Amino acid sequence: MKIIDAHNHPDWHGHSLEKYLANMDQYGISQTWLLSWECPLHEYSKGYANAVPAEILGSSTGPIPFSRCISYKERAPERFILGYAPDPRRPNACELLQGAHDIYGAKVCGEFKVRMMMDDRDALWLFRQAGKLKMPVTFHLQEDLRQEVNPWSEWWGGSIDSLERALQLCPETVFLGHAPGFWIHISGDDLYRTRQYPAVPTPVRPGGRMPQLLRQYPNLYCDWSAGSGCLALKRDPVFAKEFLLEFQDRFLYARDYFDNQHQEFLNSLDLPDSVLEKIYHLNAEKLIA
């Protein structure tokens, strides 16, 4: 079965191109969506310093420059799909996105990971431009409400409410939800007030905001990557299977990692092959066709 990893980054966590391709081959991944990350250098946690190339390369535009995505694409063109999301606060952000699309063939607007609300006026302009270009927007949503931690380093995109307003205001744009502030709302409990990642096992309660948004807004999809996505389903495997069957047309396999935990869990759920085909590659291909 063909597999597309719909969320990863160049040079991420020490993976050179050679290591990257070997890792993809090891886990049967045909293609990867290779995403940039652009924001002012003072906005991202220095804990990322050993995982991103920005400061090593002297980048002035953010932790993961689009130029690194291009470098991988040029050396292994059949294996990578380009993603680029300029910082919306740049006055020419929409023009930059247009250029990445027209000149370099970028098909995804991502990763959108900046310290601004998702319904900020500048962000909305960028999202609407992405919609015009038929580029799905991969966004990182994270709002840590715990009082004992410094909120500065992990606040991205605002709240689940700001996401809903963006969905309402950009109906022609497809959004791919990612990160703790999105996935913690799979459940109707109040864990989002005290935790970023749920313990396993933890039952999923009815009434989660995220499933409600999926039912209400057809332009919202799920990017399953990282621990936030994987744990959201691992916490309650019975619910996970029901969730995947309901939203099989709007769920994308993605990693943001280099291990195989997502595939291992997904394959343990005894889903029909027709559903797995959608999750592993058909939904991703549909969004960038």
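Nothing in this text is a laboratory measurement; each read-out follows from the coordinates by a stated rule. What you see is a predicted model, and the numbers here were worked out from it, not measured in a lab. Please note: Cβ atoms are built from the backbone with ideal geometry, for glycine as well, and neighbour counts cover all protein chains shown.
Structural remarks
- Projecting the Cα atoms of P10, F239, I160 onto the dipole axis of the chain, where Lys and Arg carry +1 and Asp and Glu carry -1 at the beta carbon, places I160 farthest toward the positive end.
- Computed FRET value (nearest 0.05) for A289 with R146, which takes r as the C-beta separation and R₀ as 45 Å: 0.65
- Gain upon complete extension [Q168, L41; 0.36 nm per residue less C-alpha separation]: 42.6 nm
- Under the Karplus curve 6.51 cos²θ - 1.76 cosθ + 1.60, θ = phi - 60°, whole-Hz ³J(HN,Hα) for the stretch 216-232, x wherever Gly or Pro sits: 8, 10, x, 8, 9, 10, 10, 9, 7, 6, 6, x, 4, x, 5, 5, 4
- Global geometry of the chain, whether rounded, prolate or oblate, following the gyration tensor of its Cα atoms and the 1.5 cut on a/c: rounded
- Additional length obtainable on full extension of the chain from M1 to H13, 0.36 nm per residue less Cα span: 1.6 nm
- Pairs with C-alpha atoms separated by more than 22 Å, drawn from the list K113/K134; K73/K132; K132/K286; K134/K234; K234/K278, are K73/K132; K134/K234.
- Dipole in debye (nearest 20) - the stretch 195-289, about Cα centre, beta carbon charges: Lys, Arg +1; Asp, Glu -1: 460
- Of all DSSP beta bridges in the chain, antiparallel share, percent nearest 5: 15
- Within the chain, helix-based [θ] at 222 nm, where runs of 4 or more DSSP H residues each add -39,500 (n - 2.57), nearest 500: -10000 deg cm²/dmol
- Pair Y27, S274: separation of 7 Å Cα→Cβ label points (nm): 2.8
- Listed by Cβ neighbour count within 10 Å, with the fewest neighbours leading, V200, V174 appear as V200, V174.
- Taken about its Cα centre, the chain carries a charge dipole of about 260 debye when Lys and Arg each add +1 at the Cβ and Asp and Glu each add -1 at the Cβ.
- Extension gain from E246 to I103, taking 0.36 nm per residue of separation minus the Cα-Cα distance: 47.7 nm
- Under 5 Å from the amide H of I81 lie the amide H atoms of T32, W33, L34, each residue being 5 or more positions distant or on a separate chain, with H modelled from the backbone and absent for Pro and chain starts.
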